[in-house]
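Q: Attaching a single structure in C-alpha cells format; questions to follow.
FYI, it's all coordinate maths here, none of it is from the lab. Being a predicted model, the structure only gives us computed values, none of them experimental. As a convention, Cβ positions derive from the backbone with ideal geometry for all residues, glycine included, and neighbour counts pool all protein chains shown.
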Amino acid sequence: MERIDVDGISIEALVHGAGRPLLYLHGIDHFAPQVPFLHRLGDHFRVVAPRHPGFGKTARPAWMRNVSDIAYLYLDLLDRLGLEDTILVGSSFGGWVALEMAVRANARLGGLVLIDTLGLKFGGRDDVEITDIYALPADEAVARTFADPAKAPNYATYDDAAMEEVARDREAAVLYGWRPYMHNPGLRHWLHRVKMPSLVIWGEQDRIVAPSYGAHLTQRLQNARFLPVTNAGHYPMIEQPERVATAIEAFARENAR
Amino acid sequence: MMHTWHFSEMAYHPAWAQLNESYRVIIPSRLYDPKIGADLYHRYLDEWALCDELGINIMTNEHHATATCADSVCTIPMAILARETKKVRLLALGMPIANRENPIRVAEEYSMLDVISRGRIEMGFVKGVPFEISPANSNPADLMERFWEAHDLILKAMTSHDGPFSWEGTHFHYRSVNIWPRPYQQPHPPVWMPVGSPGSAREAASRGIVIGVLNTGWAATPGIFGAYRETAAQHGREATPHHLAYMALIGVGRTREEGWRRADQILDYSRTSGVVAPQFANPPGYVAPAMAATAIKGTATTARATRLQTRDGKPINPRTVNVEDAINAGLVFAGTPDDVWDQLKAFYDHVGGFGHLLMMGQGGHISHEDTVDNLTMFSKEVLPRMAELA
C-alpha cells in the first residue's frame, strides 16, 4: 500500500499495474479479499484503489462526514495524479461515491463501472431497497451477501491488526451511511448528468440490494448496459473475479478514445 | 449522610415467559397488553410515591422497544411524581441525549419539571446502551461527539437568561435558543451520568458531573471511583462523596430467607436486561475499533458481561446469577436489615466511600406487597444507620 497526499489528507492506496488509469472505490468492508482482483486488473490498467477517509489506515478529518466530501476528495485525487480518460469503478458503498463524483464532474473520466452499488432510493417510504445489514444476525448477513457463504472472509484467520481494520471499515461506513441509510435522497434526480459510457454489474444472488435495483438504475443512466453475474452476491469481484475483470477490460476496449 | 434512591425500570414482566433470545428491539408489541400495562404503571408510580413518606429519593430511567423497561419516556413518571411528591428528590438517569433529536426540548422538559417540583430535579444524561441505537436510529459512529454537544447546548440553554442565542454546531443548529421556563435551581439542576469504566469516569470528573456506577460490583468499582477522584484532583475539583453513586439490587426481609427471596426476584432484572439479539449488541462505532474487532471475530459478549466477577475472581453470568454469588460480587445487598447494613458497609469501605445508594428495590416478578415491605423495611431499619456514611 502507498500513501498519496491530497488536500492535506494522507490517503492509503493500493497502486498496481500499468495501462489506462482505473480508480477503484471499495465498498463497506471485505477489502482484503478484493486485493487479488485488484492485482488481476493491474494486467491491463494502472489501478489506484484508495482507502476512503476513516477506512483502513486513512485517517478521517473530523469535519469529513458526507459521501460528497469523499467524492470531492477523489476528484482532487484525479487532478493530483493527472489521470486522463479514467475508468471509474465503484462497488457497493464505493459505487455511491463514484456516482456522486460522476454527477459533479466528468473531465477526467472515460467510463463508469458500478458493481452492486448503493446510494440511491427509487421506491416509496415503506419500501426497503437496501437491506439493513446491521439488523441481521451475522450468519444471515453473510448468507445475503455471498452466493456461496464459503467465499466469505474467515475472520478466524485474521490477526488483530487485520481485524481492527475491518472494525474501522464498518465504523466509517456507518458514519457516512447510517441515516438516510446508505443513500442520498436527491442523487437519483441528478443521474441524467452521467452521460459517459457506463456498465452496471450485479451479482444475481445479491440479497443486500436486488438485481432489479441495478436494472432500474441502468435505465436511468444515459448510456449504460446491465450485466448480471451468476453465482455471485453483493461482491462479485470476490466470488467471480475473473469474469468481472474480463467484463471491465471489454468495457474499456469498447470505449477507448 | 448517604442518600438513597429507589429505582425501578417499570418492567413489563408478563411478556417475559414468551421471550427467549431477545428481550429487546425486535419483540412484537402484540405481547404487551395495555390493560395489564396500565395496572403496572399505576402500581410502580404508587411505589415511587410511597418513597416520599419513607425518605427515599426517586430514580427513573428509560429504554426503548423492550419488555424489561416499559418506561420509554423518563420524564413522564417524573412529571407525575413532581406533583404527587413533596419532599424527596427526583433523578432521571436518564435522558439519552445522543439519541434524542432535540436538546432544546430536553432543556425545556427538565426546566419545567424543576419548576413544578420546586427545585427537586437531578438531571441525568446517558450515552445509552448499544441496543438503544436501533430504536433511535441514531448514528453510533459519532455518538459521544453528539452527546457532549447536546450536553453543552442544554446547559447553555438552561443558564442563558438574556434572550435568544445562536447555536450552529456540528450536530445541532438553532438560530434562536431561548427556553421558558428557566430552571428553579440555579444555575441548573445537578448533572449526572452513568459510568461503567475508568475512562468515562475521568470524562465526568473533568466536568464535575455526578457519576452513577450501575451494578459494576466488587471488582470493577474501586477502579472507577479511583479514576474519578484522581481526575477531579488533577482538575482542581473536589470529588465529594456526593459525586459518586453506586447502584445495587436490594432485598430486605424479616428473615434472611425473606430478604434473599426478594433479592432473587429483583435479580430477574439482571437476568433479562442484557438479553438481546447479538447483532444489536455491538453496532459499528459504538466502541473503539480494537474492542469492536474482538466482537466481530465472534467473541461477541457485551463488555459488561465479561467484567462481572465475585470478589475471588469467579466470572458471573448475569443471566443465571444466584443471590449468594451476587452478594459476594457486590451486586446485591440482601437478607435481614443487619445483613444488608453489613454488606453495604463492607462495600462502602472497599470502594473508599460514596454518597448515593441507587437502590433497585423492584425488578420484575417481585410483588407490590413485597416491594412496599422491602422499601419500608429499608427505610426504617437500614436508612437511619446510613447517617454515619458519607
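Q: Report the Stokes-Einstein translational diffusion coefficient (µm² s⁻¹, integer) for region B:3-388, Rh taken as the Kirkwood radius over Cα pairs, at 4 °C with viscosity 1.567 mPa s. Working shown, then result.
A: Numbers: Rh = 21.3 Å.
It comes out at roughly 61 µm²/s.
Q: Quick check on chain B: of the DSSP beta bridges with both residues there, what percent are antiparallel, nearest 5%? If you can, show how the numbers build up before the last one.
A: Numbers: 5 of 39 bridges.
Counting DSSP beta bridges with both partners in chain B, the antiparallel share is about 15 percent.
Q: Would you compute the Debye intensity of the protein assembly as shown from its alpha-carbon atoms alone, equal scatterers and no solvent, and pass along log10 I(q)/I(0) at q = 0.05, 0.07, 0.09, 0.11 Å⁻¹ to two decimals?
A: The Cα Debye sum returns log10 ratios of -0.28, -0.53, -0.81, -1.07.
Q: Around residue B:60, which amide H atoms from residues at least 5 apart in sequence, or from another chain, sit under 5 Å from its own amide H, with H modelled in the peptide plane?
A: The list, which skips near neighbours in sequence, is B:91, B:92, B:93.
Q: Further question: List the residues whose amide H sits under 5 Å from the amide H of residue A:118, counting only those 5 or more places along or on another chain, with H placed 1.01 Å from N in the peptide plane.
A: Amide H neighbours of residue A:118, under 5 Å, 5+ apart: A:92, A:93, A:95, A:96.
Q: Okay, moving on. Hey, any idea what the orientation-averaged projected area of the convex hull of region A:2-254's Cα atoms comes to, in nm²? Before the final figure, lay out each step's value.
A: Values: hull surface 49.6 nm².
So the Cα hull casts an average projection of 12.4 nm².
Q: Give the residue list of GluC sites (Glu not before Pro) in region B:175-267 that are DSSP loop and have at most 11 other beta-carbon atoms within 10 angstrom. Kindly include the intermediate steps, with their values, before the conclusion.
A: Details: sites: B:203, B:230, B:238, B:257, B:258; in loops: B:238.
Here the GluC sites (Glu not before Pro) that fit, given the DSSP loop and packing criteria, are B:238.
Q: Can you give the longest stretch of chain A with no exposed loop site, where a site means chymotrypsin sites (Phe, Trp or Tyr not before Pro) in a DSSP loop (not H, G, I, E or B) with at most 14 other C-beta atoms within 10 Å?
A: A:123-257
Q: Collect residues whose amide H, placed 1.01 Å from N in the peptide plane, falls under 5 Å from the amide H of residue B:3; neighbours closer than 5 in sequence don't count.
A: B:356, B:357
Q: With a Förster radius of 30 Å, plug the Cβ-Cβ distance of residue A:2 and residue A:143 into 1/(1 + (r/R0)^6) and report the FRET value to the nearest 0.05. Write down the numbers at each step before the final one.
A: Values: r = 35 Å, r/R0 = 1.18.
My answer for the efficiency is 0.25.
Q: Which links in B:86/B:156; A:121/A:151; B:87/B:345; B:87/B:127; B:127/B:297; A:121/A:195 stretch past 23 Å when you go from one Cα to the other?
A: From B:86/B:156; A:121/A:151; B:87/B:345; B:87/B:127; B:127/B:297; A:121/A:195, over 23 Å: B:86/B:156; A:121/A:151; B:87/B:345; B:87/B:127; B:127/B:297.
Q: Here's something else I'd like to know. Measuring from the lowest to the highest alpha carbon on each principal axis, how far does region B:102-160 reach, largest first, in angstroms?
A: 37, 21, 15
Q: Could you state the number of Å between the C-alpha centres of region A:178-192 and region A:1-60?
A: Distance between centres, Cα-based: 24 Å.
Q: Counting only other chains, and only Cβ atoms inside 10 Å, what mean value do you get across the residues of B:132-138? Walk me through the numbers before you get to the answer.
A: Details: counts 0, 3, 3, 0, 0, 4, 2.
What the average comes to for B:132-138 is 2.
Q: While we're looking at this one, here's another question. Just grab the label-to-label distance for residue B:254 and residue B:166, each label 7 Å out from Cα along the Cβ direction, in nm (one decimal).
A: 6.9 nm
Q: Per-residue mean of other chain beta-carbon atoms within 10 angstrom of the beta-carbon, peptide B:193-205?
A: Numbers: counts 0, 0, 0, 0, 0, 0, 0, 0, 0, 0, 0, 0, 0.
Going residue by residue through B:193-205 and averaging, the value is 0.
Q: Hey, another quick one. Consider a paramagnetic label point 7 Å from the Cα of residue B:317 along Cα→Cβ; state which residues of region B:1-26 have an amide N under 16 Å from it.
A: Those under the cut-off are B:20-22.
Q: If each residue of separation counts as 0.36 nm, what is the full-extension length gain between residue B:84 and residue B:21 once their alpha-carbon separation is subtracted?
A: Taking 0.36 nm per residue and subtracting the Cα distance, the gain is 18.8 nm.
Q: What relative contact order, as a whole-number percentage, does chain A give when Cα pairs under 8 Å and 6 or more residues apart are counted?
A: 20 percent
Q: With springs only between Cα atoms under 10 Å apart, run a GNM on chain A and tell me which of A:188, A:80, A:20 wobbles the most.
A: Most flexible of the set in this elastic network: A:80.
Q: Follow-up. Loop only per DSSP, at most 16 neighbouring Cβ atoms within 10 Å: give me the GluC sites (Glu not before Pro) in region A:156-257, ordered by residue number.
A: Hits after loop and neighbour filter: A:204.
Q: How crowded by other chains is A:168-180, given as the mean number of beta carbons from other chains within 10 Å of each beta carbon?
A: Other-chain Cβ atoms within 10 Å of each residue's Cβ, averaged: 5.
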